[in-house]
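Everything below concerns the one structure shown next.
The values are calculated or read from the model by the stated rules, or taken from the named source; none is laboratory data. Please read all numbers here as calculations on a predicted model, not as lab measurements. Neighbour counts run over all protein chains shown; Cβ positions are idealised from the backbone, glycine included. What goes into the accessible areas is simple: the full protein's heavy atoms, side chains included, and nothing from ligands, DNA or RNA. Shrake-Rupley method; radii C 1.70, N 1.55, O 1.52, S 1.80 Å.
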Amino acid sequence: MSAGAVDNVILLADCYKSSHYKVYPPGTTTLYAYFESRGGKFPYTVFFGLQYILKRWLCGPVVTRAMVEEAKEVINAVFKRDDVFNEEGWNYLVEHHGGRLPLRVKAVPEGTVVPTKNVLFTVENTDPALPWVTGFFETLLVQTWYPMTVATNSHIYKQILRHYMDLTHDNTDTLDFSLHDCGYRGVSSVESSALGGAAHMINFKSSDTVSGTSLLRKYYHLKTVAGFSTPSLEHSNVITWGKEREVDSHRHMLQTYPEGDVGCVCDSYDIWRCLKECWGQELKDLVLQRGRKGGCIYLRPDSGDPKEVTLKSLEILGEAYGTETNSKGYKMLPPYLRVISADGISHQSLWSLLEHLKNNSWSTANTYFGAGASLLQKINRDTQKCAYKVSYAEVAGQGIDVHKEPITDSGKKSKRGRLSLHCDHGLYNTLQAGKGDPTKDLLVPVFENGKLLVDYTFEEVQERAQTVPNDFDVIKFLEEDRDD
């Protein structure tokens with residue numbers, strides 16, 4: 001997870017942050033800020049990823065004199081002047097704190113499912129000589145938006161699948177494996193893949209983004225792996241055999257991995273011929289043989305309208321292998337045969353597809369899904385309107401509750417004073433202006449003066465994320481959401 005050349009934490013901030021220490025009111029000794037989702041696409045947030053940022057960038061002695069010298073050179077060059085960089089302040093931090101950051105961070109436990117518009121973590125300086133550090137580290141800390149938004153995005157997918165499983169199947173035993181992360185190649189960086197992949201695995205146990213497991217092993221005490229996969233064909237494997245030998249490519253796959261689960265992509269040429277002739281006739285004995293050994297074959301269409309292609313694929317396979325009707329009255333393929341749809345899957349397309357299958361008497365349990373860009377990449381900081389704002393200051397010995405309230409956008413009104421998060425009977429509420437009860441505050445001290453105070457395991461995070469807000473209506477959400 002090394003960041004390579006960008007290891008100087010003084011340079012891991014928006015450049016204008018370097019100029020701010022001079023422009024707070026004279027006599028400022030304390031700045032207190034908070035982070036929240038001000039609303040956005042999803043009505044709640046699965047909080048995750050702050051621990052990675054704290055461990056990766058902020059724990060221990062993270063500032064040295066050499067870093068101060070390097071940053072001075074860079075910042076002076078960026079601003080084309082030598083009166084901006086806070087050389088004295090950074091050197092004071094090195095001398096008096098051994099390069100450790102004089103910050104206190106309190107946060108909701110990772111994995112907690114919190115309705116939007118509530119505080120998720122707070123930050124304040126612990127040295128009155130360095131109040132500006134609270135604002136300076138906003139840039140890094142706000143990047144929590146990415147893993148928490150992926151975790152929330154994935155959580156919503158799970159509620160859609162759970163809803164249709166409940167409607168059309170006897171149980172939800174396969175739910176945790178029903179959405180596969182295939183987004184590694186579609187994200188902006190290896191670090192993004194690791195953070196996003198880890199966030200998805202809070203909700204699902206199916207993933208090809210193995211970098212997510214690597215991150216969880218290093219930063220969240222994962223002992224083994226969090227996401228599982230299966231040997232699967234891609235198009236290059238099939239087309240190198242040539243169009244006339246397409247069936248041989250699939251036969252070779254089955255013979256190479258004769259037991260357990262395998263996946264085969266079927267739309268390299270004519271998917272209907274592939275399903276009817278290759279799988280429904282020529283390979284049928286091998287399919288049945290694998291079924292007798294307890295294995296399953298996942299056949300993957302990868303082009304066309306997902307809902308129409310998935311339905312037709314099920315119909316063809318049902319005709320060839322037969323179906324049974326489950327207790328809810330929906331058709332099921334034999335347990336050794338499933339369809340996996342991984343092209344263009346989003347919340348809306350998944351909803352449309354599952355509703356289409358239901359209306360044609362097919363159970364959701366016949367199908368598995370893969371998501372790439374829509375899971376890990378088609379989000380940004382504004383998806384959940386994430387913001388970090390100062391809400392309290394101490395100036396000349398006086399505490400002041402501060403806030404912003406733009407007349408042009410009431411949605412950007414910020415909170416005032418010291419904050420605490422309470423939950424009574426499942427209802428979350430952020431109390432402002434220091435009015436909260438400390439004994440009920442859900443915000444936990446997680447970092448102070450360069451030291452991590454709480455070290456969550458992945459299992460703890462995963463367990464908390466099993467919660468679904470009582471008032472969350474998945475169909476209402478889908479009807480109102482038209483952004484996919």
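Less than 5 angstrom separates the built amide H of residue 44 from those of 116, all sequence-distant by 5 or more or on a different chain.
Taking packing as the residue-averaged number of other Cβ atoms within 10 angstrom, the listed peptides 157-166, 302-311, 10-19 run from highest to lowest as 157-166, 302-311, 10-19. The distance separating the Cα centre of the stretch 406-484 from that of the stretch 327-369 comes to 34 Å.
Accessible area per residue for the stretch 125-239 in Å², computed with a 1.4 Å probe and the full protein assembly in place, what is it? Write down the numbers at each step before the final one.
Details: 3940 Å² over 115 residues.
Here the per-residue accessible area is 34 Å².
Computed from phi, the 3J(HN,Hα) profile of the stretch 164-181 under the Karplus parametrisation 6.51, -1.76, 1.60 (θ = phi - 60°) reads 6, 4, 4, 6, 10, 9, 5, 7, 10, 4, 9, 4, 5, 10, 7, 10, 9, 7 Hz, with x in place of Gly and Pro.
I need the peptides 401-408, 459-466 ranked by packing, meaning the mean over residues of other C-beta atoms within 10 angstrom, with the highest value on top. Kindly include the intermediate steps, with their values, before the conclusion.
Numbers: 401-408: 11.4, 459-466: 17.6.
Per-residue Cβ counts within 10 Å, averaged per peptide and sorted highest first, yield 459-466, 401-408.
Bridging of residue 55 to aspartates and glutamates at a Cα separation below 20 Å is possible for 7, 110, 124, 138, 191, 448, 455, 459, 460, once same-chain residues fewer than 8 apart are set aside.
If you roll a 1.4 angstrom probe over the protein chains with everything in place, what fraction of the accessible area of the chain belongs to carbon and sulfur, to the nearest %?
Details: 10220 of 21200 Å².
Carbon plus sulfur share of accessible area: 48 percent.
Evaluating 6.51 cos²θ - 1.76 cosθ + 1.60 at θ = phi - 60° for every residue in the stretch 258-263, the Karplus couplings come out as x, 10, x, 8, 9, x Hz, glycine and proline recorded as x. In summary, the lysines within cross-link reach of residue 307, defined as a Cα separation below 30 angstrom excluding same-chain residues under 8 places away, comprise 41, 158, 205, 243, 276, 284, 328, 331, 358, 378, 476. Heavy-atom accessible area with a 1.4 Å probe sorts 96, 221, 200, 180, largest first, into 96, 221, 180, 200.
Would you compute, from DSSP H runs of 4+ residues alone, the mean residue ellipticity of the chain at 222 nm, taking -39500 (n - 2.57) per run and dividing by the full residue count, rounded to the nearest 500? Present the calculation step by step, with values, prior to reporting the outcome.
Working: 16 runs with 156 residues, N = 484.
Value at 222 nm, helices only: -9500 deg cm²/dmol.
Using a probe radius of 1.4 Å on heavy atoms only, what accessible surface per residue do you get for the stretch 361-484? Whole Å² is fine. Write out the running numbers ahead of the final one.
On the way: 6790 Å² over 124 residues.
Result: 55 Å² of accessible area for each residue.
Amide H to amide H, with H built 1.01 Å from N, residue 337 comes under 5 Å of 297, counting only residues 5 or more places away or on other chains. Put simply, the amide H of residue 362, placed in the peptide plane, has neighbours under 5 Å in 331, leaving out anything fewer than 5 places away on its chain. Within a straight-line Cα-Cα reach of under 19 Å, residue 389 can be paired with the following lysines, leaving aside sequence neighbours fewer than 8 residues apart in one chain: 17, 22, 106, 117, 404, 412, 413, 415, 435.
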